[in-house]
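To start, the structure itself, in structure tokens.
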């Protein structure tokens with residue numbers, strides 16, 4: 001039995017049909033998150049994660065590009081790399097453990113590819129939250145700002161990462 005309600009996915013509706021204005025932040029954010037999620041999976045498979053992370057910071061605007069040229073970039077990129085390596089799975093058993101343990105995701109019923117894509121989307125959301133927090137105006141030494149941003153973003157998006165960070169310190 002096929003039901004139309006099972007096929008209803010509001011985030012994929014055109015912006016005018018879902019009730020938001022064309023070009024609204026929420027619709028663009030979901031699309032961007034999906035695009036970055038797919039790119040992250042490709043980068044992870046091709047072992048080009050550092051290049052993906054640089055692009056993610058650069059795409060955050062002029063502040064991101066400026067940060068990459070200074071001490072903030074030197075503190076931020078290793079932290080983002082550590083987070084991505086902690087969250088990205090090595091195999092299907094690792095995928096289930098990491099998605100549930102780090103992000104609290106229940107992905108039962110999804111294909112392995114969809115599970116991996118959902119994990120990548122949540123990881124992109126976490127990485128962008130860290131970048132946004134680090135690039136926000138404020139005082140402080142770059143390394144301390146990165147650690148604080150990572151803790152803040154993990155508390156909201158990946159609570160299991162805090163437990164993992166307590167056991168293993170980022171390099």
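Only the coordinates and a few stated rules stand behind these numbers; no lab work does. Bear in mind the structure is a predicted one, so any value in this text is a computation, not a measurement. Backbone-built Cβ (ideal geometry, glycine too); neighbour counts: all protein chains shown.
Taken as Cα centroids, the range 112-132 and the range 69-97 sit 11 Å apart, rounded to the nearest whole angstrom. Stretching the chain fully between residue 100 and residue 38 yields a gain of 20.3 nm (0.36 nm per residue, less the alpha carbon separation). Could you tell me whether the range 77-150 comes out rounded, prolate or oblate from its Cα gyration tensor? Rule is a ≥ b ≥ c as square roots of the eigenvalues, rounded for a/c under 1.5, then prolate if a/b exceeds b/c, otherwise oblate. Because a/c hits 1.5 or more and a/b exceeds b/c, the range 77-150 counts as prolate.
Inverting the pair-averaged 1/r between distinct Cα atoms of the range 26-167 gives 15.3 Å as its Kirkwood hydrodynamic radius. In this calculation the C-beta distance from residue 45 to residue 132 is compared with R0 = 35 Å, giving a FRET efficiency of 0.85. In plain terms, the chain from residue 110 to residue 93 could stretch by 4.7 nm, reckoned as 0.36 nm per residue minus the Cα-Cα distance.
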